[in-house]
1. When Rg is the radius of gyration of the Cα atoms in the chain and Rh is its Kirkwood radius, what does Rg/Rh come to?
2. For the stretch 2-117, report the accessible area per residue in Å² (1.4 Å probe, heavy atoms, rounded to an integer).
3. Where the accessible area of the stretch 247-317 is counted over protein heavy atoms with a 1.4 Å probe, how much of it, in %, is carbon and sulfur?
4. Summing -39500 (n - 2.57) over the DSSP H runs of n ≥ 4 in the chain and dividing by its residue number, what mean residue ellipticity at 222 nm do you reach, to the nearest 500 deg cm²/dmol?
5. For the chain, what is the relative contact order in percent, using Cα pairs closer than 8 Å and at least 6 residues apart in sequence?
6. Which cysteines in the chain lack any other cysteine whose Cβ sits under 4.7 Å from their own Cβ?
7. State whether the stretch 2-117 is rounded, prolate or oblate according to the following rule on the C-alpha gyration tensor (a ≥ b ≥ c being the square roots of its eigenvalues): a/c under 1.5 gives rounded; otherwise a/b larger than b/c gives prolate, and the remaining case gives oblate.
8. Is the shape of the stretch 81-187 rounded, prolate or oblate, going by the alpha carbon gyration tensor and its root eigenvalues a ≥ b ≥ c, with a/c under 1.5 for rounded and a/b larger than b/c for prolate?
Amino acid sequence: MNEYDSNRILDLFKKIGYTRTENISETNCYVLNTCHIREKATDKVYHDVGRLKKEFRNKKKPILLVTGCVAQAEGEEMLKKESYIDGVFGPQSYHKIPKIINKIEIEKSRVNSTEFDVIEKFDNLNLIKTKCSKISSFLTIQEGCDKFCHFCVVPYTRGPEYSRSNNEILSEARQLIDAGAKEITLLGQNVNAYNSKNFLLSDLICALNEMSGLERIRYTTSHPKDMTDDLIDVHKNCKKLMPLVHLPVQSGSSKILKLMNRKHNIDDYLNTIKKLKDKNPSIKFSSDFIIGYPGETEEDFKLTLALLDEIDFINSYSFIFSPRPGTPASKLKNIDKKITKKRLISFQKKSEEIIKNYHQELLNKKVEVLFENSINKDGKYFGRDKHANAVMVQSSQDLTGKIFDVKITNFNQNTLFGEISL
Ligand code: SAM
Ligand code: SF4
């Protein structure tokens with residue numbers, strides 16, 4: 001979502017005459033878009049500001065804006081702590097930048113804009129065509145969260161659940177496709193909680209499925225509780241919807257899920273997986289896991305490992321529990337760091353084995369790849385198969401934006417290598 005937001009911030013800046021630069025030393029406005037989901041993000045901001053100060057020690061200082069969830073969480077505090085920062089903008093107020101930038105530039109005012117103006121934000125963004133289309137593009141359809149998992153900072157930094165109207169989403173999708181997108185990933189903190197006047201995520205996927213020029217549809221991140229039957233059905237009926245479901249479970253222990261306030265238990269989770277598989281047997285799953293949540297015993301952890309075996313997730317993203325300020329879990333007693341580290345290592349070892357076996361099974365098989373870009377001038381191309389596996393091939397023709405069958409000939413932990421199979 002931060003990538004989507006960064007692109008929209010760039011669209012806003014382009015509108016007032018700025019262009020993007022990769023060269024820090026020539027920048028006259030520097031925007032640091034931040035994430036607050038795990039700790040150290042705040043430290044990273046101050047570290048980056050330090051680097052910038054050094055770079056501009058003997059030159060005119062650029063305008064420095066901090067956007068995103070760290071800005072939302074820290075607000076005024078950040079302006080007090082670091083005089084080099086000119087403005088902080090929360091994730092629901094960055095649309096105000098073009099109007100305020102003059103104030104900062106000319107009046108040298110310092111700005112704290114951390115209101116939750118999500119409707120106003122999208123009303124403003126809808127007026128600007130997106131110029132940041134890629135072969136595989138992101139499109140935010142829903143923001144915020146009302147679920148309040150005890151470990152999570154999102155409801156406090158992104159605010160309550162909000163769904164954009166279906167018309168504005170479909171019109172933005174058309175812009176992205178006309179500018180070259182072949183794949184659209186619909187985004188939301190709880191993307192499957194999407195509901196705009198009873199127009200649901202399943203309705204949106206069906207509408208996108210009919211759009212000419214679009215080849216692939218994905219959505220992320222889903223909450224297991226919102227995986228409703230209508231959404232499960234579209235996995236059978238909408239051919240452009242890719243057969244990979246990212247469904248964060250967090251733990252294999254129902255006891256821990258209850259402590260986390262997750263609102264689903266393991267039986268519910270397994271039942272949803274079964275329903276999806278029954279509708280479309282080619283579906284595979286990926287998930288997020290929090291290791292070492294307060295109260296997690298060795299037995300609970302073993303249940304998490306057992307779930308890995310049971311589902312064969314093709315990607316498992318694991319994070320050591322990180323206490324976030326203001327969340328209920330931040331007040332709980334943490335598990336010894338040595339134990340959590342040990343658990344994380346054994347979790348990752350197991351998930352890597354599962355992925356290795358999965359990649360091994362793909363050897364000499366054909367996968368359908370949408371190519372996104374060339375990696376170098378020697379004709380190496382990068383793309384993803386239907387299950388979002390990264391695939392690389394060598395080719396003398398430009399493959400960008402095209403879909404080809406690829407025979408897999410080799411692999412490593414993160415990438416499949418192959419040759420175009422004609
Ligand atoms: N809304 C999604 C869901 O409910 O499954 C998750 C979105 S969250 C932005 C992405 C992931 O970050 C979570 O699935 C969780 O695994 C991880 N995460 C969130 N808060 C965390 C914390 N305090 N410590 C460690 N990991 C955390
Ligand atoms: Fe955070 Fe997801 Fe829980 Fe919402 S549902 S509080 S975004 S982990």
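1. Rg/Rh for the chain comes to 0.97.
2. That works out to 53 Å² per residue.
3. 51 percent
4. Estimated from H runs of four or more residues: -11000 deg cm²/dmol.
5. Relative contact order, the chain: 10 percent.
6. Isolated Cys, the chain: Cys29, Cys35, Cys69, Cys132, Cys145, Cys206, Cys238.
7. Rounded.
8. Here the stretch 81-187 falls in the oblate category.
The values are calculated or read from the model by the stated rules, or taken from the named source; none is laboratory data. The shown structure was predicted, so the numbers you read here are calculated from the model rather than taken from an experiment. All Cβ positions, glycine included, derive from the backbone under ideal geometry; neighbour counts span all protein chains shown. The protein model used for the area step is the full one, side chains on, heavy atoms only, and it has no ligands, DNA or RNA in it. Shrake-Rupley method; radii C 1.70, N 1.55, O 1.52, S 1.80 Å.
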